[in-house]
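The values are calculated or read from the model by the stated rules, or taken from the named source; none is laboratory data. Treat the numbers as computed from the prediction; the structure is a model and nothing was measured. Cβ coordinates were reconstructed from backbone atoms using ideal geometry, including for glycine residues, and neighbour counts include every protein chain displayed.
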Amino acid sequence: MKVAIASDHGGFNYKNILLNDIRKQGFEVIDLGTFNEDPTDYPDHAEAVANKILNKEAERGVLICGSGVGVSVAANKFRGIRAGVCHDVYSAHQCVEHDDVNVLCMGQRVIGIELAREIIMAFLAAKFSDAERHGRRLKKIDRIETKNMK
C-alpha cells in the first residue's frame, strides 16, 4: 500500500518519526512535507495528500498538525476524501472498517508519539467491512457530496 504523509510545522517532528515507522512496516511512503519547522499553512498539506489519493497515487493518507482538526477540515473539502481525526486506536481502525476513511489526521500537541505509532498501524492495517449498512451509509455521504460540493 502507498501512503501519502504530510504535516504543517505543528506536526513536523511526528511526521518524520512516523514516516520511518511506516516504511519499516513495508509500506511505500510518499513524503509531501513540510520539510522543516518554518511555519506553513495546513490546507496546503491537506490538499497535497488529497490529490495523491484522488489521483490514485496513494491508497491512504496521514496528516499531522498541532491538533489534527485543521488538516481534517481542509482534507474533507475534497470530494472522495474521508478524513478522520483519531487520537485513540479504536477510532483509527473503526473509521476504516465502518466509514472507509482514507485519511488519518492526528495532532502532535494532543497525543504522545507511542500512541501515534499505534494509531497509524491500526489505521493502515484496517480494511473496510463492506457490510450492507456501511455501504448504504457511504452512498448517502456520496449523495450529500454530489448535492453540496459543486
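Looking at the structure I just gave you, is residue 68 without any contact (Cβ under 8 Å) to a residue 24 or more places away in the chain and crowded, with 19+ Cβ neighbours inside 10 Å? Walk me through how you get there before you give the answer.
Working: without any contact (Cβ under 8 Å) to a residue 24 or more places away in the chain: no; crowded, with 19+ Cβ neighbours inside 10 Å: yes.
It is false that residue 68 is without any contact (Cβ under 8 Å) to a residue 24 or more places away in the chain and crowded, with 19+ Cβ neighbours inside 10 Å.
Any idea how many residues of segment 121-143 are more than 21 Å from the chain's Cα centre (by Cα) and either on the phi > 0 side of the Ramachandran plot or in a helix (DSSP H, G or I) (or both)? Even if it seems obvious, please write down each step before you answer.
Step one: of segment 121-143, the residues more than 21 Å from the chain's Cα centre (by Cα) are 131-133, 136, 140, 143.
Among the residues that remain, those that are also either on the phi > 0 side of the Ramachandran plot or in a helix (DSSP H, G or I) (or both) are: 132-133, 136, 140, 143.
Total satisfying the criteria: 5.
With respect to residue 79, determine if the residue is modelled with pLDDT under 95 and either over 24 Å from residue 147 (Cα atoms) or out of contact with any His (no Cβ under 8 Å at 6 or more places or on another chain) (or both).
Working: modelled with pLDDT under 95: yes; either over 24 Å from residue 147 (Cα atoms) or out of contact with any His (no Cβ under 8 Å at 6 or more places or on another chain) (or both): yes.
So residue 79 passes the test.
Within the group 72, 67, which residue is closer than 30 Å to residue 146 by Cα, at pLDDT 95 or above, hydroxyl-bearing (Ser, Thr, Tyr) and part of a helix (DSSP H, G or I)?
Result of the check over 72, 67: 72.
Collect the residues in segment 1-20 that are under 13 Å from the mean Cα position of the chain (by Cα), outside any helix (DSSP H, G or I) and farther than 16 Å from residue 46 by Cα, keeping them in residue-number order.
2
Just the residues that are in a helix (DSSP H, G or I) and either touching a Pro at 6+ places or on another chain (Cβ under 7 Å) or among the charged types (D, E, K, R) (or both), please, taken from segment 75-118. Walk me through it before giving the result.
Let us first name the residues in segment 75-118 that are in a helix (DSSP H, G or I), namely 75, 89-99, 113-118.
Across segment 75-118, the qualifying residues are 97, 99, 114, 117, 118.
Of the residues 130, 88, 41, which single one is modelled with pLDDT under 95 and loosely packed, with under 15 Cβ neighbours inside 10 Å?
Values: 88 fails: modelled with pLDDT under 95; 41 fails: modelled with pLDDT under 95.
Just one listed residue meets the conditions, 130.
Would segment 31-43 turn up any residue that is in a loop (DSSP other than H, G, I, E, B), touching a residue at least 12 places away in the same chain (Cβ under 8 Å) and within 24 Å of residue 138 (Cα to Cα)?
Looking for residues that are in a loop (DSSP other than H, G, I, E, B), touching a residue at least 12 places away in the same chain (Cβ under 8 Å) and within 24 Å of residue 138 (Cα to Cα), one finds none in segment 31-43, hence no.
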